[in-house]
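Below you'll find the structure, written out as structure tokens, and then a few comments.
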Amino acid sequence: MKTANDYAYSTAYIRALRSFLLRLDDYEALLKAKDEEDVIRCLGGTAYSKYFSGYSGKGLSLGEIDRAIFRSYYQNLEEMLRFRLTDEARNILELAYARHESSTLKTIIRLMYEGVHPEEIMHLVTFIGRYTEEHVSRLLKSKSLQQIFELEEPTLRRTALEKVSECDGLHSTLPLEVAIDKHYLSSLWNSTSRLRDWDKNYVRDIIGTDIDISNIDLTLRCKHLGIPFSSLRELLIPIKHRLGNELDVAVETATVSEAIRAFKVGYYGVVLSGFDSGFDRERSLLPLEIGLKKYFAERCGRVFLGYPFGVAPLLAYLNLKYLECLNIREIILGKRDGVPNSVLSNIIILPKEAVPQHV
């Protein structure tokens with residue numbers, strides 16, 4: 001069994017890697033760029049320089065953009081897995097990676113169910129990990145949602161196939177999307193049981209926060225879609241970290257605004273402050289969903305303010321790196337589509353703490 005001191009090298013290495021995450025002024029420069037070619041030119045002064053070398057910026061396919069952006073994420077993950085880790089720590093990192101990959105799978109099943117043409121889906125998904133252009137293209141040849149999951153690993157396949165029939169009843173792929181999240185988040189939570197206390201508490205706080213905000217987001221989405229209370233209860237991840245009875249109260253409410261107000265009496269009240277009136281005005285959950293993601297990024301960032309050892313800093317960094325890659329992708333595609341900076345700046349996910357300077 002590893003002790004805290006055994007993680008001294010990996011922790012120091014990850015803290016050094018974290019110093020190369022984009023700074024606030026880097027984001028400002030990217031947002032000021034006039035087009036996607038200018039964004040890539042700005043990235044030439046960051047840790048992403050070598051991944052975009054050789055690209056002119058114009059005419060990049062979505063697959064080329066994703067490969068360039070996520071290459072540093074994969075490289076960082078490979079470096080982590082070369083550390084002398086316990087089996088439990090290695091499993092947690094691999095599960096976190098699989099959860100990040102699964103965002104592509106959820107997008108595919110949602111768009112297929114909505115009847116979006118396969119060619120259009122290829123322009124909308126993010127190619128991550130095993131979900132390459134080739135693999136996604138094969139998935140899109142599937143005749144049904146059941147057939148898609150024939151290509152997934154057995155445990156996820158069994159979990160998902162049990163939920164396919166519920167999609168037609170609710171006229172939504174939400175049961176399937178939630179089943180995927182529940183599979184990975186529950187597996188992550190259960191994987192912490194054999195960690196030592198000095199590691200477990202930090203790791204559980206990261207994973208538990210992810211579970212809590214997933215349940216908050218799910219509750220509000222179900223209210224917005226008019227999904228019955230009984231169905232919502234079945235969809236929830238059966239784990240509470242810092243959520244208490246406010247989750248049960250929120251489930252029983254009739255509207256999104258009432259559910260937000262129910263959550264506001266609990267631990268996440270500060271995060272949700274003002275969103276009930278905002279939803280009443282805009283009738284959109286997007287600002288709230290972004291606010292929850294920003295809070296999660298902040299929670300991961302706080303790991304580096306203390307002195308934890310073990311897998312917690314590695315897991316926190318992997319989450320922050322993934323969110324950063326999504327940020328860059330959003331900016332590049334936003335510039336390509338002419339999205340105003342005022343809109344882009346509101347959907348970028350950053351922790352509240354200032355990002356440290358490069359070392």
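The values are calculated or read from the model by the stated rules, or taken from the named source; none is laboratory data. Remember, it's a predicted structure, so these values are computed and weren't measured experimentally. In this analysis, Cβ positions are derived from the backbone assuming ideal geometry, glycine residues included, and neighbour counts consider all displayed protein chains.
Screening Ile40 with (1) in contact with a helix residue (DSSP H, G or I) (Cβ under 7 Å, 6 or more places away or on another chain); (2) among the hydrophobic types (A, V, I, L, M, F, W, C); (3) within 30 Å of Glu177 (Cβ to Cβ); (4) buried (at least 19 other Cβ atoms within 10 Å of the Cβ) gives one miss only, at (3). Look at (1) touching a residue at least 40 places away in the same chain (Cβ under 8 Å); (2) farther than 25 Å from Asn215 by Cβ; (3) assigned to a helix (DSSP H, G or I); (4) among the small types (Gly, Ala, Ser) and you find that Gly310 fails only one, number (3). The residue of the range 238-250 that is surrounded by the most Cβ atoms within 10 Å (Cβ to Cβ), among those that are in a loop (DSSP other than H, G, I, E, B) and hydrophobic (A, V, I, L, M, F, W, C), is Leu243. With the structure loaded, tell me whether Asn91 is within 29 Å of Thr173 (Cα to Cα) and not in a loop (DSSP other than H, G, I, E, B) or whether it fails that test. Spelling it out, Asn91 is indeed within 29 Å of Thr173 (Cα to Cα) and not in a loop (DSSP other than H, G, I, E, B). Can you find a residue in the range 134-143 that is β-branched (Val, Ile, Thr) and assigned to a loop (DSSP other than H, G, I, E, B)? No, that holds for no residue. The residue pairs whose first member lies in the range 258-278 and is of a type in the set (Ser, Thr, Tyr), whose second member is surrounded by fewer than 17 Cβ atoms within 10 Å (Cβ to Cβ), and whose beta carbons are closer than 9 Å, counting only pairs six or more residues apart or on different chains, are Tyr267/Arg242; Tyr267/Gly244; Tyr268/Arg242. Pairing residues of the range 286-299 that are closer than 24 Å to Leu225 by Cβ with residues that are basic (Lys, Arg), at Cβ distances under 9 Å and at least 6 apart in sequence or on separate chains, gives Glu289/Arg221; Lys294/Lys352; Tyr295/Lys352. Among residues of the range 119-144 being of a type in the set (Ser, Thr, Tyr) and crowded, with 18+ Cβ neighbours inside 10 Å, the one that is nearest to Ser61 (Cα to Cα) is Thr126.
Return the only residue of Tyr27, Tyr51, Tyr73 being surrounded by 17 or more Cβ atoms within 10 Å (Cβ to Cβ), at negative phi and over 21 Å from the mean Cα position of the chain (by Cα).
Tyr51
If the condition is being modelled with pLDDT of 90 or more and either touching a strand residue (DSSP E or B) at 6+ places or on another chain (Cβ under 8 Å) or of a type in the set (Asp, Glu) (or both), then the range 133-156 contributes Glu133, Glu134. Restricting attention to the range 189-212, and to residues there that are aliphatic (A, V, I, L, M) and under 14 Å from the mean Cα position of the chain (by Cα), which single residue is farthest from Ile237 (Cα to Cα)? Among residues in the range 189-212 that are aliphatic (A, V, I, L, M) and under 14 Å from the mean Cα position of the chain (by Cα), the one farthest from Ile237 (Cα to Cα) is Ile206. The residue list Lys58, Lys34, Lys2 contains one member that is in a loop (DSSP other than H, G, I, E, B), at pLDDT 90 or above and more than 21 Å from the chain's Cα centre (by Cα), which is Lys34.
Taking the range 174-237 as the region of interest, the helices (runs of 4 or more DSSP H) fully inside it that hold 2 or more residues being of a type in the set (Phe, Trp, Tyr) and in contact (Cβ under 8 Å) with a residue 40 or more places away in the chain are 174-191, 197-225. Step by step: first the residues of the range 256-302, then only those that are aromatic (Phe, Trp, Tyr) and not in a helix (DSSP H, G or I), then the one that is surrounded by the most Cβ atoms within 10 Å (Cβ to Cβ). Which residue is that? Within the range 256-302, the match that is surrounded by the most Cβ atoms within 10 Å (Cβ to Cβ) is Tyr268. Among the residues of the range 124-132, are any of a type in the set (Phe, Trp, Tyr) and either modelled with pLDDT of 95 or more or not in a helix (DSSP H, G or I) (or both)? So far as the range 124-132 goes, yes, one or more of its residues are of a type in the set (Phe, Trp, Tyr) and either modelled with pLDDT of 95 or more or not in a helix (DSSP H, G or I) (or both). Scanning the range 197-227 for residues that are hydrophobic (A, V, I, L, M, F, W, C) and closer than 30 Å to Thr86 by Cβ yields Trp198, Val203, Ile206, Ile207, Ile211, Ile213. Take Ile328 and tell me if it is β-branched (Val, Ile, Thr), surrounded by 22 or more Cβ atoms within 10 Å (Cβ to Cβ), assigned to a helix (DSSP H, G or I) and out of contact with any Cys (no Cβ under 9 Å at 6 or more places or on another chain). Spelling it out, Ile328 is indeed β-branched (Val, Ile, Thr), surrounded by 22 or more Cβ atoms within 10 Å (Cβ to Cβ), assigned to a helix (DSSP H, G or I) and out of contact with any Cys (no Cβ under 9 Å at 6 or more places or on another chain). Scan the range 12-29 for residues that are part of a helix (DSSP H, G or I) and either more than 17 Å from Gln75 (Cα to Cα) or out of contact with any Leu (no Cβ under 8 Å at 6 or more places or on another chain) (or both) and the total you get is 11.
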